[in-house]
Amino acid sequence: SPNNMVRLNINSETGNDNYAFQVITDLKLRARRQPSGATVLILAAIDSDGVCGAAILSSLLTREGVKFAVEPISHMLEARAAVFDIARARVGQAEATRHRDVRSIVMIGCGCLEDLDGILEESGLPGSGCNADDLVIYVFDSHRPIHLSNIYEKQNRVIVIDDDQEG
């Protein structure tokens, strides 16, 4: 993760706008370990921010040669189901193969309000976020408040990227 931080402020006045580019670099590096399938799963809210954000990120990932899949999210239960599907695929359950190669989830317009680390724990996915095979969730979401476990999560598996003024 960029600087082992859990919350990255990309506000040009109070933060570091290079963090957004660092996320793309991280996604690219994590994808190299799994060249066959989609390594990035974009979970986008079904609103204008989610759709536009997914289109922009899709364009950037395509240009960088990173394979990805996009799924619309109308409720956090769908995001939770995707994480559990990845966990089942990791242990070889045949019915859970569509997310077999996913190493990164990017949530756009959703995720801040939920305990994402808790969802990762419940799914049984091991890891600290420091290994290239660990699942890491990157969250671009302007909804507030940010769930405290997403800010203070110690494993570096959930990374919130925001542009709040207060940093």
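The values are calculated or read from the model by the stated rules, or taken from the named source; none is laboratory data. Since the structure is predicted, the reported quantities are computational estimates derived from the model, not experimental observations. All Cβ positions, glycine included, derive from the backbone under ideal geometry; neighbour counts span all protein chains shown.
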Would you check which residues across region 50-73 are closer than 17 Å to Ser142 by Cβ and over 16 Å from the mean Cα position of the chain (by Cα) and list them?
Cys52
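I'd like the full set of residues that are in a helix (DSSP H, G or I) and either surrounded by 13 or more Cβ atoms within 10 Å (Cβ to Cβ) or acidic (Asp, Glu) (or both), limited to region 30-54. Full working, then the answer.
First pass over region 30-54, keeping only residues in a helix (DSSP H, G or I): 30-31, 48-54.
Within region 30-54, Arg30, Ala31, Asp49, Gly50, Val51, Cys52, Gly53, Ala54 meet the criteria.
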Can you run down the residue pairs with Cβ atoms below 9 Å, 6 or more apart or on separate chains, where the first is in region 41-66 and under 18 Å from Val23 (Cα atoms) and the partner is of a type in the set (Lys, Arg) and modelled with pLDDT of 95 or more?
none
